[in-house]
């Protein structure tokens, strides 16, 4: 019989890769197969260093902007979406480019453009500086999208015409936080146009529901993901609000701090939408060296979404 202390582990499901991330990674892998190395990728394909390092080892070259790419090699645009001028510049240079923008992000781009064509002032609920927000704001002419980050922004925003505004949202936001911002906008502007279908993606919603399910009564929740991954950071916030004693964002097993486990009997484990399952397995294996684990998967919904690959790599 083991003399290791027992630790109850609730494993959130769904967790980890969503369909958009899976598609983006496949696009890079298949481009390398089809065109050979190097293949250039504008920005991190997804926000996860482990994924980026693995693709770099296969021959992907990650760059900040198109001017770092030669004309004669393929370039891939990240899952977060890009400003409208990026593909336009690639076409001007006659580059072979593959757009790995998540289809759910592309849907938000289309909505923003439709509202603009209809003469509405477009608001984007999101976080300044996030690549997805930069991409969405730059689907329209400079200054035409107003960024709303907080409930306070929603309360103080002064529209050009209160009866002629619309909003879209970043896909990786906290469902609860966004609901408060939308409620504040709708209270002030009852005629505001909302998305036909929720902009926050199914995977973000599902992972937040799953982390709520494992957090109540948990002494510690570990969220596997990168600090620049919006959906992973939101999972930490959701876990803390849902009743976890504490919640920590961790990129890999080597970052485990054993002082976190002092007095802990129940933990929850989940992973952001860009974190591979092997990182979760590595962390559980590391914890299992010191504890006897009683693992229970807590599944809130089945996911079976798959996005088609673009013709350039299909």
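Largest first and to the nearest Å, give the Cα extent of the range 103-188 along each principal axis.
Answer, in whole Å and largest first: 28, 28, 19 Å.
Under the 0.36 nm per residue contour assumption, what length would be gained going from the current alpha-carbon distance of residue 179 and residue 314 to full extension? Intermediate values should be presented prior to the final figure.
Details: separation 135, 0.36 × 135 = 48.60 nm, distance 3.77 nm.
Full-extension gain reported as 44.8 nm.
Radius of gyration and Dmax for the range 177-306's Cα atoms, expressed in Å?
Radius of gyration, then largest Cα-Cα span, for the range 177-306: 16.7, 58 Å.
How long are the semi-axes of the ellipsoid equivalent to the range 53-98, from square roots of 5 times the Cα gyration tensor eigenvalues, in whole Å, largest first?
Details: eigenvalues 71, 33, 14 Å².
Equivalent-ellipsoid dimensions as semi-axes: 19, 13, 8 Å.
Between helix 202-215 and the chain, what is the angle of the helix's C-alpha long axis to the longest principal axis, kept within 0 to 90° and rounded to the nearest 10?
The answer is roughly 30 degrees.
Just the Kirkwood number for the range 19-99, please: inverse of mean 1/r across all distinct Cα pairs, in Å, one decimal.
Its Kirkwood hydrodynamic radius stands at 12.4 Å.
Could you check the spin-label model distance between residue 265 and residue 91? Points 7 Å from the Cα along Cα→Cβ, value in nm.
6.3 nm
Using alpha carbons only, how many angstrom separate the centre of the range 29-89 from the centre of the range 112-144?
24 Å
How high is the FRET efficiency from residue 110 to residue 58, r the C-beta distance, R0 30 Å, rounded to 0.05? All intermediate terms of the calculation are to be shown ahead of the outcome.
Numbers: r = 32 Å, r/R0 = 1.07.
In this case the efficiency is close to 0.40.
Fully extended, how many nm does the chain gain between residue 303 and residue 196 (0.36 nm per residue separation, minus their Cα-Cα distance)? Show your work: numbers first, answer last.
Details: separation 107, 0.36 × 107 = 38.52 nm, distance 2.16 nm.
Difference between extended and current length: 36.4 nm.
If one takes the longest principal axis of the Cα atoms in the chain, at what angle in degrees, from 0 to 90 and to the nearest 10, does the Cα axis of helix 230-241 lie?
50 degrees
How far is helix 103-117 tilted, in degrees, relative to the longest principal axis of the Cα atoms in the chain, given as a value from 0 to 90 rounded to the nearest 10?
Orientation of helix 103-117: about 30 degrees from the principal axis.
Any idea what log10 I(q)/I(0) is at q = 0.15 Å⁻¹ for the range 1-137, Debye with uniform C-alpha scatterers and no solvent?
Calculated log10 I(q)/I(0) at the listed q: -0.78.
Over the alpha-carbon set of the chain, work out the extent along each principal axis and list the three values in angstrom, largest first.
The principal-axis extents, from largest down, are 69, 54, 31 Å.
When 204, 8, 150 are ordered from fewest to most other Cβ atoms inside 10 Å of their Cβ, what list results? Each step should come with its number before you reach the end.
Working: 204 26, 8 17, 150 13.
Least to most surrounded, the residues fall as 150, 8, 204.
With only alpha-carbon atoms counted, please give the Rg and Dmax of the range 150-214, in Å.
Reported Rg and Dmax, both Å: 13.2, 44.
Could you give the radius of gyration (one decimal) and Dmax (whole number) of the Cα atoms in the range 211-288, in Å?
When restricted to Cα atoms, the range 211-288 yields Rg and Dmax of 11.3, 31 Å.
Would you please give the FRET efficiency between residue 73 and residue 3, computed as 1/(1 + (r/R0)^6) with r the Cβ-Cβ distance and R0 = 51 Å, to the nearest 0.05? Display every interim value, and only then the final one.
On the way: r = 57 Å, r/R0 = 1.12.
Rounded to the nearest 0.05, the efficiency is 0.35.
If you average the alpha carbon positions of the range 296-314 and of the range 202-257, how far apart do those two centres end up, in angstrom?
Answer, in whole Å: 21.
Read-outs throughout are calculated quantities, based only on the coordinates presented, and are distinct from any laboratory measurement. Bear in mind that the values here come from a model prediction, so they are computed numbers and not experimental data. Every residue, glycine as well, gets a Cβ built from its backbone with ideal geometry; the counts of neighbours run over all protein chains shown.
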